[in-house]
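Q: Here it is, the structure in full.
The values are calculated or read from the model by the stated rules, or taken from the named source; none is laboratory data. Treat the numbers as computed from the prediction; the structure is a model and nothing was measured. Note that we place each Cβ from the backbone using ideal geometry, even for glycine, and neighbour counts take in every protein chain shown. Note: areas computed on protein heavy atoms with side chains; ligands, DNA, RNA excluded. Shrake-Rupley method; radii C 1.70, N 1.55, O 1.52, S 1.80 Å.
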Amino acid sequence: MATEILIKTGATKTWKASGGDYAITLASLAVDAARQGVKGDLGATRGKVWGARVTANMDVAPTAGTTLELYWAGSPSATAGTSNPGATTGTDAAYTGSAGGTVDQTVLQLEWIGSLILTPDADGVVQVQDVGRFVPVHRYGMPVLVNKADQAMEGDDDSHKIEIFEVIDESQ
């Protein structure tokens, strides 16, 4: 009998303004602005590969094909401001890059996961997309979302969230 390798979804961690595992406030995120979430704990033992999903609602219809870019800032430390790459703080805060670098220059130190590719739909149309997979080397980390659309995100946080989830290979 042949052995099959199947995929299953393991633990999910959610960042949103309230009610998630960790906080990130994405309301009214402006064009070319970025936001970082609170540093989260993926667990001492965890899946090797994680998937990521972004859910967003734009205030005004963006140009089709513009994006919301998602990055991961992994850290070996549970402490918010310790051992973080790319000038991340480990708190729910604006992400402005490093002291000498812009957002676009500083995110290069983070792990790029992928982009939510937007449709030309305004407030009331929630857009959801699995944006990519990544391998978090460290137990701790935080997402960073950069608005590369030509419109701001919707002004309340009722729909905005970032989810990451284990993608586990299982042999049977």
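Q: Cβ under 12 Å from Leu26's Cβ, Leu26 left aside: what net charge do those residues give with Lys, Arg +1 and Asp, Glu -1?
A: -3
Q: Another question, if that's okay. Across region 110-126, in residue order, what do the Karplus-derived ³J(HN,Hα) couplings come to in whole Hz, using 6.51 cos²θ - 1.76 cosθ + 1.60 with θ = phi - 60° and x for Gly and Pro?
A: Karplus values, whole Hz, x for Gly and Pro: 9, 8, 6, 9, x, 10, 7, 8, 7, 9, x, 10, 9, 2, x, 10, 7.
Q: Dividing the Cα convex hull volume of region 37-105 by residue count, how many Å³ per residue is that? Walk me through the intermediate numbers first.
A: Numbers: hull volume 9.5 nm³, N = 69.
Each residue corresponds to 137 Å³ of Cα convex hull volume.
Q: Whenever you get a sec, line up Val54, Val128 from highest to lowest accessible area (probe 1.4 Å, protein heavy atoms).
A: Final ranking, largest accessible area leading: Val128, Val54.
Q: If all Cα-Cα distances of the chain are sorted into 5 Å bins from 0 onward, what percent lands in each bin, rounded to whole numbers?
A: 2, 9, 18, 22, 20, 14, 9, 4, 2, 1, 1, 0
Q: Give me a comma-separated list of calculated 3J(HN,Hα) values for region 146-158, in order, Karplus coefficients 6.51, -1.76, 1.60 applied at θ = phi - 60°, integers in Hz, x for any Gly or Pro.
A: 10, 7, 9, 7, 9, 9, 6, 6, 4, x, 10, 9, 5
Q: Give me the one-decimal nm value for the distance between modelled label points at Ala122 and Ser28, 7 Å along each residue's Cα-to-Cβ direction.
A: Rounded to a tenth, the inter-label distance reads 1.8 nm.
Q: Now for a separate question. Indicate the gyration tensor shape class of region 1-49 (rounded, prolate or oblate), computed on the Cα atoms with a ≥ b ≥ c the square roots of the eigenvalues: a/c under 1.5 is rounded; otherwise a/b larger than b/c is prolate and the rest oblate.
A: Prolate, because a/c is 1.5 or more and a/b exceeds b/c.
Q: Trp72: accessible area at probe 1.4 Å, nearest 10 Å²?
A: In the full protein context, Trp72 sits at about 10 Å².
Q: Rounded to the nearest 500, what is the chain's calculated 222 nm mean residue ellipticity when only DSSP H runs of at least 4 contribute -39500 (n - 2.57) each, over all residues?
A: -500 deg cm²/dmol
Q: How do Arg46, Arg133 rank by accessible surface area computed with a 1.4 Å probe, from largest to smallest?
A: Result of the area sort, largest leading: Arg133, Arg46.
Q: Order Thr79, Thr106 by their accessible area, 1.4 angstrom probe, all chains in place, largest first.
A: Largest accessible area first, the residues go Thr79, Thr106.
Q: Round to a whole number: what % of the accessible area of region 109-172 belongs to carbon and sulfur, probe 1.4 Å?
A: Roughly 46 percent of what the probe reaches on region 109-172 is carbon or sulfur.
Q: For Thr91, what charge total do you get from the other residues with a beta carbon under 12 Å from its beta carbon, if Lys and Arg give +1 and Asp and Glu give -1?
A: Cβ neighbours under 12 Å give a net charge of +1.
Q: Same structure, new question: May I ask for the net charge around His160, where only other residues with Cβ less than 14 Å from the Cβ of His160 are counted and Lys, Arg are +1 while Asp, Glu are -1?
A: -4
Q: In square angstrom, what is the accessible area per residue of the chain with a 1.4 angstrom probe? Could you put the intermediate results ahead of the total?
A: Working: 7980 Å² over 172 residues.
That works out to 46 Å² per residue.
Q: In whole Å, what is the distance between the alpha-carbon centres of region 9-49 and region 140-172?
A: Value for the Cα centre distance between the two parts: 6 Å.
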